Amino acid sequence: MSNASIKEQLQALSLGLTSVSDEKEKKSSEKKHSHSKNPPTASPKAKPNIPSKQKTTKQKPAWLEHAQYGVELLKAHFPLCFKNIKEVQPLKIGIKQDLVKLLSTKENIVTSDKACMVSSIAYYVNSPAYHKSMLEGTERIDLDGNTAGVVTAEEANYSIESRKIKSQAKKPTPTPAKALETGTIKD
């Protein structure tokens with residue numbers, strides 16, 4: 001049996017190492033090479049460390065992460081009202097005030113999470129899924145999932161217009177040179 005302590009042996013077993021002594025030898029070897037003047041040379045077959053061309057993803061803005069976190073909190077605390085994207089339903093008019101009133105009575109939720117939930121309602125109701133759910137005659141729901149009115153024709157039309165404006169804002173506007181080429185601008 002090796003000189004390693006029981007704690008080290010258990011760690012080695014949990015990591016799937018073959019031997020704790022091998023791990024110790026690796027560490028001591030690394031220390032020796034890091035202190036020596038002549039570091040070990042790379043083998044001729046080793047590839048140089050060239051960064052690969054990976055797709056760089058944009059980091060989410062802080063406000064978006066905050067809003068998405070708030071929506072997840074709403075889903076966790078009010079699952080009958082705030083649902084997954086495919087099950088979104090129109091919310092009761094004045095639900096924000098109801099939420100503030102109800103959250104003020106809950107002591108088990110941290111104040112910052114309460115504020116996050118209240119501010120995230122705007123993000124939730126401006127999502128494409130929410131706008132798609134805003135059809136004339138669709139029932140609205142309250143925080144408990146109970147029926148609380150219906151969507152009127154005027155509200156449904158407003159939602160349709162909002163979706164159109166958002167989709168047009170996302171489309172890139174053609175430069176004058178491209179517009180002349182495509183014929184969208186006449187001389």
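State whether one or more residues within the stretch 109-132 are of a type in the set (Gly, Ala, Ser) and over 17 Å from LYS75 (Cα atoms).
Among the residues of the stretch 109-132, not one is of a type in the set (Gly, Ala, Ser) and over 17 Å from LYS75 (Cα atoms), which makes the answer no.
Where in the stretch 1-118 are there helices (runs of 4 or more DSSP H), lying fully within it, with 1 or more residues that are modelled with pLDDT of 85 or more and among the polar types (S, T, N, Q)?
In the stretch 1-118, 62-77, 95-105 are the helices (runs of 4 or more DSSP H) which contain 1 or more residues that are modelled with pLDDT of 85 or more and among the polar types (S, T, N, Q).
Say we look at the stretch 135-164 and pick out the residues that are more than 28 Å from the chain's Cα centre (by Cα) and polar (S, T, N, Q); which of these is nearest to LYS101 (Cα to Cα)?
Checked the stretch 135-164; the qualifying residue nearest to LYS101 (Cα to Cα) is ASN146.
Okay, residues lined up against (1) touching a helix residue (DSSP H, G or I) at 6+ places or on another chain (Cβ under 8 Å); (2) closer than 17 Å to CYS81 by Cα; (3) of a type in the set (S, T, N, Q); (4) surrounded by fewer than 17 Cβ atoms within 10 Å (Cβ to Cβ):
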site	(1), (2), (3), (4)
GLY94	no, yes, no, yes
LEU99	yes, yes, no, no
GLU107	no, no, no, yes
TYR124	yes, yes, no, no
GLY149	no, yes, no, yes
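Just wondering, is there one or more residues in the stretch 131-139 that are within 22 Å of ARG163 (Cα to Cα), in contact (Cβ under 8 Å) with a residue 12 or more places away in the chain and surrounded by fewer than 12 Cβ atoms within 10 Å (Cβ to Cβ)?
Yes, the conditions are met somewhere in the stretch 131-139.
Failed condition for GLU87, given (1) touching a residue at least 24 places away in the same chain (Cβ under 8 Å); (2) closer than 16 Å to THR147 by Cα, with all others met?
(1)
Could you tell me how many of the residues in the stretch 74-88 are touching a helix residue (DSSP H, G or I) at 6+ places or on another chain (Cβ under 6 Å) and over 11 Å from ILE121 (Cα atoms)? Before you say what the answer is, go through the steps one by one.
Filtering the stretch 74-88 for residues touching a helix residue (DSSP H, G or I) at 6+ places or on another chain (Cβ under 6 Å) gives 74, 82, 85, 88.
Now restrict to residues that are over 11 Å from ILE121 (Cα atoms): 85, 88.
Of the residues in that region, 2 qualify.
The values are calculated or read from the model by the stated rules, or taken from the named source; none is laboratory data. In this text the structure is predicted, and so the values were computed from the model without any measurement. Counting neighbours? That spans all protein chains shown, and the Cβs are built from the backbone with ideal geometry, glycine included.
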